[in-house]
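K.L.:
Let me begin by handing over the structure; questions about it come next.
What follows draws every value from the coordinates through simple rules; no lab data is involved. What you see is a predicted model, and the numbers here were worked out from it, not measured in a lab. Cβ atoms come from the backbone with ideal geometry, glycine included; neighbour counts cover every protein chain shown.
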Amino acid sequence: VPSDANQLLFCNGSVFDGLRFRPPGTTVRVSGGKITDVGPGLAAGRADIVDLNGGTLLPGFIDAHVHPVFAGDQLRRCDLTSATTLAGYLDLIAAYDRAHPGDGWVTGGGWSMEAFPGGVPSAADLDAVIPGRPVYLPNRDGHGAWVNSLALRLAGIDAATLDPADGRIERNAAGEPVGMLQEGATSLVSRLIPATSDADWYAALLAGQARLLSFGITGWQDAIVGHAHGSGDPLRAYLRAARDGSLLANVVGALWWDRDRGLEQLPELLHRRSSGREGRFRPASVKMMLDGVAENHTAAMLEPYLDSAGCQTDVDGLDFIDPDRLAQYVTVLDHEGFQVHFHALGDRAVRLALDAVAAARRVNGDTGNRHHLAHLQVVHPDDVARFAEVSATANIQPLWAAHEPQMDELTIPFLGARRAGWQYPFRSLLAAGAQLCAGSDWPVSSPDPLLGAHVAVTRTAPGGGGADSPGPFLPEQCLDLASILAAYTTGSARVNGLEAVTGAVRPGLDADFAVVDADLSVIAPHEIGASAVRQTWIRGQVVHESGRAA
Ligand SMILES: [Zn+2]
């Protein structure tokens with residue numbers, strides 16, 4: 001029988017269907033880009049055989065919190081993610097300056113706070129490498145930026161400049177700015193940077209998509225679509241790519257809630273949702289950033305942070321959105337059919353988000369909107385069961401739940417032992433009936449879902465766990481492999497409202513697959529991070545194959 005290019009039969013590997021591993025010998029038939037049959041020993045007939053070679057077929061991963069356009073833009077600029085030390089960063093910055101000479105801004109970023117004492121780098125180090133052109137380099141989590149003296153001068157920032165309400169200018173003992181801006185203070189400089197052109201944003205989106213496809217990611221939720229603290233707006237890039245067919249992934253956009261305004265921005269959000277829907281892109285979510293991050297003490301905590309001597313301070317983090325109005329905002333957004341995607345990191349932010357969802361449910365009933373809370377670094381034990389009660393999804397970034405300098409030196413001492421034990425409580429959430437979805441927050445951390453799965457299962461950083469390692473981080477919160485893979489596929493498809501389209505290996509769904517080179521059904525936990533995606537399929541077509549350029 002001649003083969004039919006429209007028909008494929010995947011065999012000779014393990015199959016994870018989005019919830020569980022299927023029995024050995026399971027095969028998957030695809031026709032016309034859709035899954036038509038899943039079962040043991042299906043006959044090939046006219047289908048082309050795809051040999052899984054003892055690896056694993058999974059639904060394409062769906063990253064429920066990621067910034068592919070900003071990440072792709074960073075890849076095309078001064079990208080610092082490959083270094084880990086001050087000397088390494090300065091080498092990359094000097095090399096970028098040589099390769100892109102001129103007097104324009106040097107931007108990009110991706111440095112890590114743990115490379116600097118107290119997480120604070122200095123303008124003087126940058127000045128030594130680049131004195132003559134302004135430099136603005138956000139750190140890996142995007143909550144702060146390293147700037148040189150020329151950038152400070154152009155922005156008019158000096159000892160007399162007051163901190164903005166939503167941020168902080170790091171200073172020396174004399175009150176002079178040292179070259180690090182936290183949170184909202186970054187926009188004092190970022191607003192001076194020439195806007196990125198539409199053509200550059202489009203190229204950034206395609207660069208970001210190519211990188212995500214190489215990790216088996218076939219869909220995502222873009223966690224900021226809008227002008228967040230001076231950043232660009234990726235909306236037009238998505239529309240162009242959706243129209244010209246170059247957007248291959250299924251994407252939900254989370255429209256940025258401007259924290260300086262209230263409900264007067266609702267008409268704008270409604271307009272952006274209705275006019276911004278095109279092909280595989282749907283801006284159906286609203287992103288509300290409730291707080292900052294723990295490392296710079298801007299995550300909103302129920303009790304204050306400790307100082308380096310373990311004594312209580314009067315700093316308990318920031319509420320970026322007025323807590324007295326949050327429930328009203330969320331109730332109105334829920335009524336308008338928006339999903340709300342919260343950035344909630346500290347235990348006060350988590351509680352405020354759950355309270356707001358509960359208020360919306362009381363007024364509106366169950367609208368079916370799948371509100372979700374991302375990051376969940378510190379969750380008060382009283383709030384763990386409330387996720388299921390108010391039907392809020394826990395959007396986890398598993399890669400962060402490990403002992404690393406950022407955790408051990410910049411976080412645990414300032415939370416204290418009791419609260420440090422409430423971090424990233426994935427297993428408790430699952431046991432309490434919470435729906436889970438998963439994401440990477442790339443470019444904050446690697447987009448590789450297998451690295452995320454490695455940490456979720458072992459609570460140990462990939463490559464960690466040696467003789468001198470600190471051991472697993474809160475090992476009682478380990479997930480089993482099927483649970484984290486389910487969060488990264490079925491769970492994220494559900495939060496994107498796409499469970500009838502993708503996210504599972506089930507007849508009727510699109511043939512969106514990640515093929516991993518190892519048999520994940522029998523893999524030793526500490527080897528998960530060493531496995532890799534060999535092939536990525538979307539609607540029955542190969543869109544990435546390892547060894548070929550992305
Ligand atoms: Zn994010």
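K.L.:
Given the Cα-Cα distance of ALA524 and ASN172 and 0.36 nm per residue of separation, how much length would full extension add, in nm?
P.N.:
Result: 121.8 nm gained on full extension.
K.L.:
Still on this structure, I have one more. Residues of segment 225-265 with backbone nitrogen within less than 18 Å of a virtual label 7 Å along the Cα-to-Cβ line of ASP322, please, listed as ranges.
P.N.:
257-265
K.L.:
Against the globular-protein guess of 2.2 N^0.38 Å, express the Cα radius of gyration of segment 102-206 as a ratio, rounded to two decimals.
P.N.:
Working it through for segment 102-206, the quotient is 1.06.
K.L.:
Kindly provide the trypsin sites (Lys or Arg not before Pro) of segment 4-80 that DSSP labels as loop, not H, G, I, E or B, and whose Cβ sees at most 15 other Cβ atoms within 10 Å.
P.N.:
Here the trypsin sites (Lys or Arg not before Pro) that fit, given the DSSP loop and packing criteria, are ARG20, ARG46, ARG76.
K.L.:
What do you get for the angle between helix 266-275 and the principal long axis of the chain? Use alpha-carbon atoms, 0 to 90 degrees, nearest ten.
P.N.:
Once rounded, the angle reads 40 degrees.
K.L.:
With Cβ to Cβ distances under 9 Å as the rule, what net charge do the other residues near PHE10 carry (K, R +1; D, E -1)?
P.N.:
That sum, taken over residues with Cβ under 9 Å, equals 0.
K.L.:
Fully extended, how many nm does the chain gain between ARG153 and ASP48 (0.36 nm per residue separation, minus their Cα-Cα distance)?
P.N.:
31.4 nm
K.L.:
For segment 165-284, I need the span (max minus min coordinate) of the C-alpha atoms along each principal axis, in Å, sorted largest to smallest.
P.N.:
Taking the Cα atoms of segment 165-284, the three principal extents are 56, 37, 25 Å.
K.L.:
Using R₀ = 35 Å, calculate the FRET efficiency as 1/(1 + (r/R₀)^6) where r is the Cβ-Cβ separation of SER274 and SER446; round to 0.05.
P.N.:
Rounded to the nearest 0.05, the efficiency is 0.50.
K.L.:
Between ALA388 and GLU545, 0.36 nm times their residue separation minus their Cα-Cα distance comes to what?
P.N.:
Result for the pair: 52.6 nm of gain on full extension.
K.L.:
Take every DSSP beta bridge with both residues inside the chain and express the antiparallel ones as a percent of the total, to the nearest 5.
P.N.:
DSSP beta bridges in the chain are roughly 45 percent antiparallel.
K.L.:
Another one. Just need the relative contact order of segment 136-279 here, percent rounded to a whole number, with Cα pairs under 8 Å and 6+ apart.
P.N.:
It comes to 18 percent, rounded to a whole number.
K.L.:
Right, next: First measure r as the distance between the Cβ atoms of ALA160 and ASP468, then evaluate 1/(1 + (r/R0)^6) with R0 = 30 Å and state the FRET efficiency to the nearest 0.05.
P.N.:
0.05
K.L.:
On to the next question. Please work out the Cα center distance from segment 431-445 to segment 185-262, rounded to the nearest Å.
P.N.:
Answer, in whole Å: 20.
K.L.:
What are the ³J(HN,Hα) couplings of segment 192-207, residue after residue, when phi is run through the Karplus curve with 6.51, -1.76, 1.60 and θ = phi - 60°? Round to Hz, x for glycine and proline.
P.N.:
Along segment 192-207, the couplings run 7, 6, x, 4, 6, 6, 4, 5, 5, 5, 5, 5, 5, 4, 5, 5 Hz.
K.L.:
Give, rounded to the nearest 20 debye, the magnitude of the charge dipole that segment 1-145 has about its Cα centre when Lys and Arg contribute +1 at Cβ and Asp and Glu contribute -1 at Cβ.
P.N.:
The dipole of segment 1-145 has a size of about 460 debye.
K.L.:
Search the structure for amide H atoms under 5 Å from the amide H of LEU247, placed 1.01 Å from N in the peptide plane, and list their residues when 5 or more places away or on another chain.
P.N.:
Placed amide hydrogens put ALA242 under 5 Å from LEU247.
K.L.:
Say each of ALA432 and ASP307 gets a label point 7 Å from the Cα, pointing the same way as Cα to Cβ; how far apart are those two points in nm?
P.N.:
3.3 nm
K.L.:
Here is a follow-up. What 222 nm value per residue comes from the helices of the chain, counting each DSSP H run with n ≥ 4 as -39,500 (n - 2.57) and dividing by all residues, nearest 500 deg cm²/dmol?
P.N.:
About -7500 deg cm²/dmol.
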